[in-house]
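Q: For reference, the structure I am asking about is given below.
Computed from the coordinates by the stated procedures, all read-outs in this text should not be read as laboratory data. Predicted model only: the values in this text are computed from it and were never measured. As a convention, Cβ positions derive from the backbone with ideal geometry for all residues, glycine included, and neighbour counts pool all protein chains shown.
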Amino acid sequence: MAKILVDVVSAEERVYSGQADFVALPGEGGELGILPGHTPLITRIRPGAVRIQSDGKEELIFVAGGILEVQPKAVTVLADTAIRGTDLDEAKAEEARKKAEETLATRSSDINYAAAQAELAEAIAQLAALRKLRGKK
């Protein structure tokens, strides 16, 4: 079966690099599925899980948004933040979710609501990625 090269890179490091059979991730317009030979594409991605399938195994990487570039033989994810699914911390994600919800519940003029909403979306996406990872085990 044909393979596609996948690179997931954050500002700090390359989180994943390898051959895959299939890649799925949260695009700006919805969930994207990419197979070898996919039409070239550049789009923004939302916070969520990048699922990389290869030889019957699945690798899960949480991304906090970024850019996706697809070429027929390569997929590159340039993420704002990228964390391997096995490295996600549920307690930290839950704490971040609660803090963002509390911030949004406060009706103060000195709150940056857009930033609080982004933090809430990221925390919820991390928790969803953790649930997906647990469902695989």
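Q: When the dipole is taken about the Cα centre of the chain, and only Lys, Arg (+1) and Asp, Glu (-1) are charged at their Cβ, what size is it in debye, to the nearest 20?
A: Working: 18 positive and 21 negative charges, 87 e Å.
Dipole of the chain, to the nearest 20 debye: 420 debye.
Q: Ok, one more. For Ala115 and Ile67, what is the calculated FRET efficiency with R₀ set at 25 Å and r taken between the beta-carbons, to the nearest 0.05?
A: Working: r = 20 Å, r/R0 = 0.81.
Calculated transfer efficiency: 0.80.
Q: Output ³J(HN,Hα) for the range 4-16: one whole-Hz value per residue in order, computed from phi by the Karplus curve 6.51 cos²θ - 1.76 cosθ + 1.60 with θ = phi - 60°, and x for Gly and Pro.
A: 10, 6, 10, 10, 10, 10, 10, 5, 8, 6, 7, 8, 8
Q: Counting only residues 5 or more places away or on other chains, whose amide H sits under 5 Å from the amide H of Ser10 once H atoms are built in the peptide plane?
A: Here the answer is Val15, Ala79, since their amide H atoms fall under 5 Å of that of Ser10.
Q: What list of ³J(HN,Hα) couplings, whole Hz, do you get for the range 122-128 from phi and the Karplus terms 6.51, -1.76, 1.60, once you set θ to phi - 60° and write x for glycine and proline?
A: Using θ = phi - 60°, the values come out as 5, 5, 5, 5, 5, 5, 5 Hz.
Q: Tell me, what ³J(HN,Hα) does each residue in the range 42-59 have, in order and in whole Hz, if you take phi through Karplus 6.51 cos²θ - 1.76 cosθ + 1.60 with θ = phi - 60° and put x for Gly and Pro?
A: Going residue by residue, I get 10, 7, 7, 10, 8, x, x, 9, 8, 9, 10, 9, 8, 6, x, 10, 10, 9 Hz, with x marking Gly and Pro.
Q: Let me ask another. Multiply the residue separation of Ala91 and Ala128 by 0.36 nm, subtract the distance between their alpha-carbon atoms, and state the gained length in nm to one decimal.
A: Gain on stretching Ala91 to Ala128: 12.0 nm.
Q: Further question: Modelling each spin label as a point 7 Å along the Cα-to-Cβ direction, I'd like the Arg44/Thr81 distance in nm, to one decimal.
A: For the pair Arg44/Thr81, the computed spacing is 1.8 nm.
Q: Give me the number: length gained by fully extending Arg14 to Leu35, i.e. 0.36 nm times residue separation minus the C-alpha to C-alpha distance, one decimal in nm.
A: Numbers: separation 21, 0.36 × 21 = 7.56 nm, distance 2.14 nm.
Between Arg14 and Leu35, full extension yields 5.4 nm more.
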